Amino acid sequence: MRCPFCGNEDTQVKDSRPTDDNSTIRRRRQCPNCGARFTTFERVQLRELTVIKSTGQREPFDRDKLARSMQISLRKRPVDADRLERVVNGIVRRLESSGESEIPTAAIGEIVMDALAHLDQVGYVRFASVYRNFREAKDFEDFVGKLGEHE
C-alpha cells in the first residue's frame with residue numbers, strides 16, 4: 001500500500017481488526033520512510049461492476065459514490081451511520097450477486113429508492129426529488145400523495 005503522505009511504496013501494517021459488522025477489515029498502517037500513520041479498509045468484492053449511465057457511457061461502479069448520494073439524502077436525519085453502512089453493504093452485495101457485470105443507473109436508482117423507503121421516508125423523498133428530476137412543488141405533492149396511498 002502506497003503512503004498517501006510521501007508516496008513510498010512500502011508501508012507496514014501495525015494493527016488489523018474487523019469493523020463492527022464484520023464486512024470490512026480496518027488496518028492501521030505506518031510508513032517506514034516518513035513515519036506517517038494512516039488507516040485503510042479492505043472489503044470483499046465479488047465481481048467488477050460497470051455502471052451504464054443514461055447517456056450510454058460506462059464507468060466503474062463506485063461504492064463510495066453510492067454511499068455519498070445516500071448520505072446527502074439522509075443529511076440531518078436520525079439515521080445511524082452504522083445502519084446506513086449496513087444498507088450500502090446490502091445494496092452492493094445485491095448488485096454483485098445479481099449475475100450481471102453491467103448495471104444501468106436506473107436499476108441502481110430503484111434499488112436505492114427501495115432501501116431508502118424502508119430506512120427513512122424524508123431521505124426517500126429527497127433522493128426521489130433528484131433521481132426522478134422533480135421540477136416544481138407539484139412534483140413533490142404528487143410523489144408524497146402516492147406515498148400516502150401505499151401506507
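The values are calculated or read from the model by the stated rules, or taken from the named source; none is laboratory data. Computed from a predicted model, the values in this text were never measured in an experiment. Methodologically, a virtual Cβ is constructed for each residue, glycine included, from the backbone with ideal geometry; neighbour enumeration extends over all protein chains shown.
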query: Restricting attention to region 95-117, does a residue exist that is within 19 Å of ARG77 (Cβ to Cβ), among the hydroxyl-bearing types (Ser, Thr, Tyr) and surrounded by 13 or more Cβ atoms within 10 Å (Cβ to Cβ)?
result: no
task: Would you please name the residue that is nearest to GLY90 (Cα to Cα), looking only at residues in region 1-36 that are part of a loop (DSSP other than H, G, I, E, B) and charged (D, E, K, R)?
output: ASP21
field: Scope region 1-50; condition farther than 28 Å from GLU102 by Cα, among the hydrophobic types (A, V, I, L, M, F, W, C) and modelled with pLDDT under 90; matching residues
entry: MET1
- request: Taking GLY123 as the residue in question, decide whether it is crowded, with 18+ Cβ neighbours inside 10 Å, touching a residue at least 12 places away in the same chain (Cβ under 8 Å) and part of a helix (DSSP H, G or I).
  value: yes
task: For region 39-56, indicate whether the set of residues that are without any contact (Cβ under 8 Å) to a residue 12 or more places away in the chain and assigned by TED's automatic domain parsing to the domain that holds TYR124 is non-empty.
output: yes
- request: Output yes when any residue across region 94-105 is more than 23 Å from GLY56 (Cα to Cα), among the hydroxyl-bearing types (Ser, Thr, Tyr) and at pLDDT 90 or above, and no when none is.
  value: no
field: Which listed residue is charged (D, E, K, R) and within 23 Å of PHE41 (Cα to Cα), from LYS65, LYS53, LYS76
entry: LYS65
task: For region 52-63, state whether one or more residues are surrounded by 13 or more Cβ atoms within 10 Å (Cβ to Cβ) and either over 25 Å from SER129 (Cα atoms) or among the charged types (D, E, K, R) (or both).
output: yes
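Matching residues to (1) in contact (Cβ under 8 Å) with a residue 24 or more places away in the chain; (2) closer than 14 Å to LEU147 by Cβ; (3) outside the structural domain of ASP20 (by TED's automatic domain parsing):
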residue: VAL88; (1), (2), (3): yes, no, yes
residue: ILE91; (1), (2), (3): yes, no, yes
residue: SER97; (1), (2), (3): yes, no, yes
residue: GLU102; (1), (2), (3): yes, no, yes
residue: GLY109; (1), (2), (3): no, no, yes
residue: VAL112; (1), (2), (3): yes, no, yes
residue: ALA117; (1), (2), (3): no, yes, yes
residue: PHE134; (1), (2), (3): no, yes, yes
query: Are any residues in region 63-80 of a type in the set (D, E, K, R) and part of a loop (DSSP other than H, G, I, E, B), and if so, which ones?
result: ARG75, LYS76, ARG77, ASP80
